[in-house]
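No value in this document is a laboratory result; all are computed from the given coordinates. Computed from a prediction, not measured in an experiment: that's the story for all the values here. Note that we place each Cβ from the backbone using ideal geometry, even for glycine, and neighbour counts take in every protein chain shown.
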Amino acid sequence: MKYSDYSAYFAPVVTKETDIVVQSAKGIWITDVDGNKYMDFVQGIAVNALGHCFETVVRAIQEQAANIIHASLNIVSYPATMEFAKRLSESTPGSLNVSFFSNGGAEAVDGALKLAKIATGRPGIIAFRGSFHGRTIGATSITGSKARYRKHLEPLMPSVYFSGYPYYFHRDIDLSEAEYAERRLAELREIISYTIDPSDVAAIIVEPVQGEGGYIVPHPEFLSGLREICDKNGILLIFDEIQSGFGRTGKMWASQHFGIIPDIMTAGKAIAGGLPMSAIISSKEIMDKWERGTHGTTFGGNPVCAAAGLAVLDALQGEVLENCRIQGDYLSERLKELKDKHPVVGDVRGLGLMKAIEFVEPGTRTPNPAAMSKVILAARKKGLLLLSCGIFQNTIRLAPPLNITRDELDQALETIDSCIGFAV
Ligand SMILES: Cc1ncc(COP(=O)(O)O)c(C=O)c1O
């Protein structure tokens with residue numbers, strides 16, 4: 001069975017990274033219809049925290065589907081969804097205790113923007129260059145990682161302002177990381193001094209670790225500076241944790257690495273074990289300002305997704321997070337060795353098992369997207385699936401399952417090492 005025989009039935013707008021047609025998948029492995037096996041370091045774009053078809057997730061889905069699949073949370077309540085909302089609130093920092101469930105990341109981002117605007121009565125949103133928040137019109141309006149995503153869609157949602165994210169590797173001036181973070185904050189302060197009055201800004205929305213933009217970890221002072229600016233001006237701070245959340249960075253939420261608590265958080269991707277689910281999570285005080293009936297969804301809070309989410313949460317609260325930290329530290333060390341060995345590797349970075357390898361022209365910081373493409377292609381030929389990210393299209397992201405073993409990690413690293421060696 002070949003995709004090319006069926007491609008006429010699919011909108012060509014979808015980027016198709018490979019022509020693999022999957023027969024089955026288990027853990028870190030995908031098997032295609034011809035019996036070829038691939039080690040999957042993409043996991044559905046940082047979704048499967050426990051790898052493919054994790055036993056307890058599959059069982060939870062099967063058992064829940066046999067009981068009730070859908071009657072709509074607008075009409076009834078489900079035990080699995082009630083329990084999931086409670087367990088989510090126990091996993092989040094501060095007073096982020098109340099959830100609104102939706103179905104995908106962009107939808108949650110759109111809802112979070114609506115919530116911030118309604119809760120503050122203000123129109124403005126500040127977002128960051130390099131950000132990715134999704135493909136709906138609202139999420140596209142605050143996405144700044146590729147002009148292509150916004151092409152022909154202008155005018156988008158009004159009153160959106162972009163500021164710089166502290167992408168330290170591509171700093172335009174030689175400063176320390178903390179100084180560079182401060183420089184970016186200064187740019188933001190200029191926006192609220194010169195371009196939009198802070199009393200008109202509803203929210204600042206930021207990824208605590210930038211995802212599609214290149215797996216960029218900001219200096220902690222950047223996020224604490226944002227918190228300070230928000231507090232001073234009555235602006236809500238939204239953390240988009242759709243990619244960084246739910247254990248990916250070695251803590252339940254990336255915000256916990258920085259000790260900064262947002263007012264609103266969006267979650268998605270990993271939260272339902274591979275089923276489509278997302279959430280807007282905030283305090284009771286803020287959620288109470290969202291007038292009943294002004295937002296809603298038919299499918300949000302689906303019990304099959306919630307049951308899967310509970311199974312993932314159970315595993316994360318066991319040994320999986322600890323494994324993510326241990327393997328993540330090991331991965332950092334091995335990536336540093338790769339960087340020392342191959343001059344085409346300019347930077348390696350990330351938290352937990354959200355790690356990136358950035359390719360450059362040797363001896364410079366000039367992006368080298370061709371090298372990255374060659375490595376991804378060569379790795380695929382050797383049975384390792386990798387995915388790019390980054391505003392310069394020169395970065396490989398590594399998002400393996402959080403329960404990956406050392407042997408699996410070593411095997412992938414060996415492949416990457418040899419592919420950089422012979423492909424570039
Ligand atoms: C940080 C972040 N926000 C939002 C989204 C959009 O999520 P979805 O593709 O589920 O709409 C993504 C997807 O990559 C993301 O990484």
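Kindly flag which residue pairs out of 16/382; 2/381; 151/381; 146/251; 269/339 have an alpha-carbon separation exceeding 24 Å in this structure.
Over 24 Å Cα-Cα: 151/381; 146/251; 269/339.
Quick one: compute a quarter of the convex hull surface over the Cα atoms of the range 1-121 and quote it in nm².
11.5 nm²
In a Gaussian network model over the chain where Cα atoms closer than 10 Å are linked, find which of 295, 257, 70 has the largest mean-square fluctuation.
Top of the fluctuation ranking is 295.
Top mean-square fluctuation among 276, 79, 369, Gaussian network model of the chain, C-alpha springs under 10 Å?
79
Residue separation times 0.36 nm, minus the C-alpha to C-alpha distance between residue 314 and residue 114: what's the value?
Stretched fully, the residue 314-residue 114 segment lengthens by 68.8 nm.
Give, rounded to the nearest 20 debye, the magnitude of the charge dipole that the range 359-424 has about its Cα centre when Lys and Arg contribute +1 at Cβ and Asp and Glu contribute -1 at Cβ.
Charge dipole of the range 359-424: 260 debye, to the nearest 20.
Can you tell me the Rg and the Dmax, both Å, for the Cα atoms in the range 45-179?
19.5, 60
Please give the charge dipole size of the chain, origin at the Cα centre, charges +1 on K and R Cβ atoms and -1 on D and E Cβ atoms. Round to the nearest 20 debye.
680 debye
For a quick check, take a GNM of the chain with Cα springs below 10 Å and name the residue from 362, 208, 218 with the largest mean-square fluctuation.
362
With unit charges on the beta carbon (Lys/Arg positive, Asp/Glu negative), name the residue among 193, 176, 106 whose Cα is farthest towards the positive pole of the charge dipole of the chain.
In the chain, that residue is 106.
Based on a Kirkwood Rh over C-alpha pairs, give the Stokes-Einstein translational diffusion coefficient of the chain at 37 °C and viscosity 0.692 mPa s in µm²/s.
148 µm²/s
What residue among 283, 378, 93 has its Cα farthest toward the positive end of the dipole of the chain, where the charges are +1 on Lys, Arg and -1 on Asp, Glu, each on the Cβ?
378
Relative contact order for the range 46-157 using alpha-carbon pairs under 8 Å, separation at least 6, rounded to a whole percent?
14 percent
How much length would be gained if the chain were fully extended between residue 228 and residue 11, taking 0.36 nm per residue of separation minus their Cα-Cα distance, in nm to one decimal?
Extending this stretch completely gives an extra 73.7 nm.
Where does the chain land at 222 nm, in deg cm²/dmol rounded to the nearest 500, when only DSSP H runs of n ≥ 4 count, each adding -39500 (n - 2.57), divided by all residues?
-11000 deg cm²/dmol
Using alpha-carbon pairs under 8 Å, 6+ residues apart, how would you state the relative contact order of the range 55-315 in percent?
Relative contact order comes out at 31 percent.
Which value results for Rg/Rh of the range 110-247 when Rg is the Cα radius of gyration and Rh the Kirkwood radius based on the inverse mean 1/r?
0.94
Work out, step by step, the length gained on full extension between residue 82 and residue 330: first 0.36 nm times the residue separation, then minus their alpha carbon distance; give nm to one decimal.
Answer, rounded to one decimal: 85.5 nm.
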